[in-house]
Each structure stands twice: as structure tokens, then as C-alpha cells.
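Before any comments, here is the structure.
Coordinate-derived values only; no laboratory data. Just so you know, these numbers come straight off a predicted model, no measurement behind them. A quick note on method: Cβ atoms are made from the backbone with ideal geometry, for glycine too, and the neighbour counts reach across all protein chains shown.
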Amino acid sequence: MREGLRSLLADVDDLRVIGEVSDGADAVQLATEQGPDVVIMDVGLPGLNGIDAARQLQAMRPDIHVLMLTMHDDAQTVDRALRAGARGFVLKGGGMETLCEAIRTVYHGAVYFDPGIAHFVLQGYLRSEEDDRDPLTPREREILQLIAEGNTSQDIAKRLGIKTKTVQNYRTQIMDKLDVRTTAGLVRVAMKLGLTSESGELS
């Protein structure tokens, strides 16, 4: 298939193939050495799979655009490849016109998704948005910030006009939601959420 693909691309005037390999590790090495504008990476490569190869290549040469060529049209594969830095996806058997359009698209810095898998990209985005959503209520966020700023439960209770036991219950709920068990862990989460800075002190 690789030989056939190279032969077909050789007939396209504005495209030039500068190398080809049969496994992921060699793909990373050759691409790093040759510096192509676009790498067409098969997901199912031996030795080092295409997704992990893309991740390594992007870490070493982020200027190289990776286009995934795949027969896998499932959401998990699409999501993993996107996180690895892939700029586009083309399904095998989609035709040369589609492949050439995808190559030109990612070459110009845009992203390309085969119509057959575009809906998976949206699913992955929506799932990511849901995963990244703040699980805390406004009151819990307020108490988390006060904890991260070094206030005791008594301090927080006095400031908010609630009972100390109520603050302690909130603290337990926050820890359960965030899956942390220490005050230091709460401070780290508060910093990640932008509720406090590194200057916050533990009490």
C-alpha cells in the first residue's frame, strides 16, 4: 500500500515525496532528519504505533504537520491521535482527491477531518469540555479559596456567617469531589483553578 501511495503522489504536480518507512520508530527518525512539511502516518504501524510516533515527532519537531491515515473510525482512536498532535485524519479508501486535499490543508496550517470521522471529533471535544468542567459549586469554590489562602475552619465560618461544622462538611465534600485528601492537595487544585497563587500558605 505504501508503494502504491507513493506512486500515486508522484503524479501530483505540487507534491513531492521525500521518504518512506515501514514502522513508527523509523518514521520519527527519518522525519526528524529530513524535515518534511507533512508526514502521512498510518495509525497501525508495527513496532511503534502511529499515534505514539506522532506524539514523539511533535515533541521533537512541532513544525512538522502529521496527517493520520487510518481505517479506524472509532472515537477513541480519533481522540488519542488528536491529543498526540495530529493535524488531520483521512480514512483509507477515501480516494486520492481526498488525500491530496488533506495534505494541502494541513500544509497550510489548518486541520482536516475526513467526513467519515468528523462527528467523532465533535464527540471528543464535547467529552473533553465535560471533563474539564469545574465540579464545584460557587460556595464550594469560595471555601476552597479560603482554605488555600490559609484560613482555618473557624476563620471561614466567622467570615461567611456559618457554623464551623458546616465548613468542615463543605471541606469533606470538596475533597470527595476533587479526590484529594490533604490540604496541600486542595491548594494545588485551587492554584490550577486560578483561585489562588503560589504565595498561598498552609495553616
* Structure fact -> For the chain, the longest principal axis of the Cα atoms and the Cα long axis of helix 118-132 enclose an angle in degrees, to the nearest 10, of 20 degrees
* To do: Could you let me know the centre-to-centre spacing of region 141-170 and region 62-89, using Cα atoms, in angstrom?
  => 45 Å
* To do: On a 0 to 90° scale, report how tilted helix 96-107 is relative to the longest principal axis of the chain, with both axes built from alpha carbons and the result rounded to the nearest 10.
  => 50 degrees
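Between exposed trypsin sites (Lys or Arg not before Pro) in the chain, where DSSP calls loop and at most 10 other Cβ atoms lie within 10 Å, what's the longest gap?
Values: sites that count: ARG16, ARG133, ARG181.
Maximal segment without exposed cleavage sites: 17-132.
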* Find the Cα radius of gyration of the chain, compare it with 2.2 N^0.38 Å by division, and give the number to two decimals. => 1.48
